[in-house]
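Taking it in order: structure first as C-alpha cells, then the write-up.
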Amino acid sequence: MRRSPFGRAGRVSMWDEMVRRYGWLHGDERVRGGELFESYTVSVIRGRTEDEVISGFGGDPAVEPQMLTLAEAIEEESAHGGYADDYALLRVVSSGEYVVATEVGYRGSIPEIARRLSADGGEFFSAYANVNARHQVMHAQDGRVDGRFDPFDVADLEDRGEDDPPEELPAWAQDVAFHMYELDAEAFALMERTMGLPIRAEWFSSRLRTVPLAAEETLFDDAEAAWEV
C-alpha cells in the first residue's frame, strides 16, 4: 500500500483540494445515469490486465464488448430487468499500470473479488455508493483485505455525541474526517490518495469496453464466505 504523499504540514490543505476536485460527482447526471441510477461501484486495480479484471468480476473477456457510457449501461441493464435479475455489466479502461472498472451495482464491493484481483502482489480499491446515501470503501493488497467500512457511519462524528464512537478505521483512512454531504468526493479522494491514480470524470461519460457478467451465484463456492473480510 502506498503511504500518503503529503507531509504533515500540507496534508489538510492538499486533502481539501483533492476533495474539491471531485465536486463533479455530486448531481452530475452523466455520472448518476439520471432517474434510473440505483448504485455504482468504481474499482481501481493495479497489476492486472483488462482481461484479468473482467474474468475476476465474472465476465468472459473473449465476448465481443459493447461500448457504453455508464448512463447507457444503466439503461441497458434496466431494459433486461435490472441488476437484481442478474443482468450485470462491467465497464473497463486501462490507465498505465491500472485498470479502472465501473459498474451499475456492487460486485466490486465483495471482499472475495478484491482478494482475487489483488493476489500475488496486486492491489485493489473500490468505492461504492447508492441512492440511499450508503457507501463503502475497501482496500486489498496481495490477496488480503486490510480495510472495509462505510464512510456514512463515521461522518460528522463531532455532531453525534459520545454515544456514537467511531469504528476503528484502517491505517489508510485514520487521518480523514468524513462529511455527510461530501462522501462521494471524499471516497474518490481517498481512493486516489491510496492508489495513486486520479479518477477522471470522462470514465463515466465516455463509451468504454463493456461486457456482461455471469450471475453472482455462479462465482463462489461459498457465497457467505465471499462477503467476509
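The values are calculated or read from the model by the stated rules, or taken from the named source; none is laboratory data. On a predicted model such as this, the values are computed, not experimentally measured, just so you know. Note: ideal-geometry Cβ built from the backbone for every residue, glycine included; neighbour counts use all protein chains shown. Protein only, heavy atoms only, side chains kept; ligands, DNA and RNA dropped before computing areas. Shrake-Rupley method; radii C 1.70, N 1.55, O 1.52, S 1.80 Å.
Set the Förster radius R0 to 35 Å, insert the Cβ-Cβ distance between Met14 and Val93 as r into 1/(1 + (r/R0)^6), and round the FRET efficiency to 0.05. My answer for the efficiency is 0.85. Taken per residue, the accessible surface of segment 108-156 reaches 31 Å², heavy atoms only and a 1.4 Å probe. Converting phi to 3J(HN,Hα) with the Karplus coefficients 6.51, -1.76 and 1.60 and the offset θ = phi - 60°, segment 144-149 yields 10, 6, 10, x, 8, 7 Hz in sequence order, with x at every glycine or proline.
Overall shape of segment 117-229 was characterised from the C-alpha gyration tensor. The equivalent ellipsoid obtained from it has semi-axes of 26, 19, 16 Å, in decreasing order.
The overall shape of segment 41-146, judged from the alpha-carbon gyration tensor, is oblate: a/c is not under 1.5, and a/b is no greater than b/c.
Along its first, second and third principal axes, ordered by size, segment 67-128 spans 39, 24, 15 Å in Cα coordinates. Using a/c under 1.5 as the rounded threshold, could you call segment 166-229 rounded, prolate or oblate? The axes a ≥ b ≥ c are square roots of the C-alpha gyration tensor eigenvalues, and prolate needs a/b larger than b/c, oblate otherwise. Taking the square roots of the gyration eigenvalues as a ≥ b ≥ c, segment 166-229 is oblate.
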